[in-house]
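Q: First, the structure itself, so that you have it in front of you.
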Amino acid sequence: MTADLLDWTNAGLADMDDAQYRARATELAQRLRDEVHTGKLPFLRMDYLSALLPELGRLEPWLRGFDHMLLLGIGGSALGARALQKAFAPGQDRPGHQGPWLWIADNVDPADLESYLAWLPAEKTVVVTVSKSGGTIETVGQYFILREWLRDRLGKAWKDHALLVTDATRGFLREEAANQGIRALPVPDNLGGRYSVLSAVGLVPALFLGMDCRALTEGAREVAAPLADMDLHGEALAAHPAFELAVWANALMYAGFDEMIFFTYIPPMAWFGDWFAQLWAESLGKRGKGSQPIPAVGVTDQHSVNQMFLDGPRNKACLFLTSPAQPRGPRFPNELPDAFGYVRGKDFGELIHAEGLGTRMALSASGVPLVELRLSRPDQRAAGKLIALLGAATLLTGWLMDINPVDQPAVELGKRLAKARLGADGLEKEKAELDAFLGAQRNEQEF
Ligand code: PA5
């Protein structure tokens with residue numbers, strides 16, 4: 001079996017000053033040992049799985065009794081689930097699908113919510129509310145509306161149509177689980193949203209859609225276990241692909257490459273681009289530093305943003321996701337105009353490989369440092385490996401930047417201002433700021 005590979009050939013390493021980052025392998029190995037030991041990095045240690053996987057096994061028959069799952073969550077509580085759904089249960093977007101159906105409500109979209117309320121059959125629907133903090137208004141707000149909807153339609157049986165995935169001890173949803181007697185699964189301590197897809201957060205919807213949770217988590221373990229090893233030393237860390245990626249990302253930023261394209265040439269895995277973008281951006285955008293993630297999908301975006309990648313500002317690097325083992329698709333007919341004769345008798349799937357190669361070469365020729373992530377098979381085990389690799393690479397990139405990659409303090413201000421606007425108690429400073437902002441002389445133009 002061929003291996004999953006990182007191809008560094010076109011990474012531009014020869015032109016980069018990465019010694020200062022490589023030199024920190026021993027220090028970071030020590031930090032990994034300390035933080036794994038003190039339970040700060042559950043996404044690497046994954047010890048929570050010993051309780052979770054059997055628990056999921058017990059829940060499976062109940063979950064499978066529903067036709068529809070409506071998942072309420074946002075950010076890290078939704079993006080991983082969607083990436084897995086689109087990659088491994090894409091039927092819902094294709095003709096002829098007979099269920100199951102997973103609906104992910106990860107926005108404040110009144111029209112979407114109205115349509116769920118109007119069309120989902122409550123008796124065949126389970127509402128899964130996912131929030132690590134248990135207090136995110138976009139998610140909890142939808143929960144309040146769905147709770148009433150379930151109650152109205154199902155009476156006392158409504159509780160059997162709800163599942164809460166939240167912190168093990170704290171927050172409103174945890175209290176709700178206890179007060180109402182609703183099924184609940186924990187999100188382990190220190191497992192922030194964007195690092196949590198392989199906990200109940202992503203595994204519950206994955207299970208509902210019939211995915212192999214063991215393959216996903218075993219794949220992740222394969223990559224994460226060496227980093228969670230209590231004997232990890234600098235040399236071993238230095239050779240780990242997650243560290244190599246972190247060194248590369250830092251050397252790139254140092255050299256002025258402050259945008260990171262995530263170009264997926266495995267169409268069903270396109271939504272891993274959105275998942276990666278949140279992981280990279282929320283983790284690394286700190287104190288004026290970071291690199292802006294740009295998800296892109298081959299071949300679609302060759303006809304969209306690729307011109308900018310190729311001939312815009314020279315500030316972009318690229319992670320390029322491919323796999324040689326994709327479906328071949330139907331064969332082009334023999335009867336073709338001469339101008340298209342070059343595809344005669346070939347499989348439709350050959351196009352994506354040829355176009356991926358062309359784009360990869362063109363990016364390299366344009367001076368875009370590029371690492372190819374080549375999956376031998378784009379299956380669930382490989383997805384687990386990819387999730388762990390990119391999570392670990394992001395964490396280590398942040399550590400090398402000397403920022404905290406597991407918090408996101410800057411996003412709090414907007415949330416506080418929105419709450420102040422809605423009249424939440426306290427927040428007097430924010431209310432004063434709102435008055436000043438809204439009271440400012442407007443500079444408006446009709447168009
Ligand atoms: O990655 C993160 O930590 C965030 O994007 C969260 O997932 C998001 O804000 C939702 O938070 P919660 O799960 O607490 O509702």
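Q: Could you check, for region 270-282, whether at least one of its residues is over 13 Å from the mean Cα position of the chain (by Cα), farther than 14 Å from T397 by Cα and away from the ligand (no atom under 16 Å from the Cβ)?
A: No, region 270-282 contains no residue that is over 13 Å from the mean Cα position of the chain (by Cα), farther than 14 Å from T397 by Cα and away from the ligand (no atom under 16 Å from the Cβ).
Q: Then there's this: Which condition number does L146 fail, the rest of (1) away from the ligand (no atom under 11 Å from the Cβ); (2) open to solvent by 10 Å² or more (accessible area, probe 1.4 Å); (3) in a helix (DSSP H, G or I) being met?
A: All conditions pass for L146, except number (2).
Q: Further question: Within region 166-202, count every residue that is outside any loop (DSSP other than H, G, I, E, B) and either in the same structural domain as L395 (by TED's automatic domain parsing) or within 10 Å of S133 (Cα to Cα) (or both).
A: 7
Q: Taking interchain pairs and intrachain pairs at least six residues apart, which have beta carbon atoms under 9 angstrom, with the first residue in region 86-109 and more than 21 Å from R64 (Cβ to Cβ) and the second exposed (fewer than 14 other Cβ atoms within 10 Å of the Cβ)?
A: From region 86-109, the pairs are V108/G141.
Q: State yes or no: is G312 at positive phi, at pLDDT 95 or above, outside the structural domain of F88 (by TED's automatic domain parsing) and surrounded by fewer than 16 Cβ atoms within 10 Å (Cβ to Cβ)?
A: So G312 fails the test.
Q: Quick check on region 55-91: of everything there that is outside any helix (DSSP H, G or I) and in contact with a strand residue (DSSP E or B) (Cβ under 6 Å, 6 or more places away or on another chain), which residue is farthest from V197 (Cα to Cα)?
A: F66
Q: Turning to a different aspect of this structure: If I ask for residues that are among the charged types (D, E, K, R) and either in contact (Cβ under 8 Å) with a residue 60 or more places away in the chain or not in a helix (DSSP H, G or I) (or both), which ones from region 428-442 would you list?
A: Residue satisfying the conditions is R442 alone.
Q: Got a number for residues in region 391-447 being under 21 Å from T139 (Cα atoms) and either open to solvent by less than 20 Å² (accessible area, probe 1.4 Å) or of a type outside the set (A, V, I, L, M, F, W, C) (or both)?
A: Residues that pass the stated criteria total 12.
Q: Within region 109-137, can you find the residues that are part of a loop (DSSP other than H, G, I, E, B) and surrounded by 14 or more Cβ atoms within 10 Å (Cβ to Cβ)?
A: L120, K132, S133, G134, G135, T136, listed by residue number.
The values are calculated or read from the model by the stated rules, or taken from the named source; none is laboratory data. Since this is a predicted model, take the numbers as computed values, not measurements. Counting neighbours? That spans all protein chains shown, and the Cβs are built from the backbone with ideal geometry, glycine included. Side chains included, ligands, DNA and RNA excluded: accessible areas come from the protein's heavy atoms. Shrake-Rupley method; radii C 1.70, N 1.55, O 1.52, S 1.80 Å.
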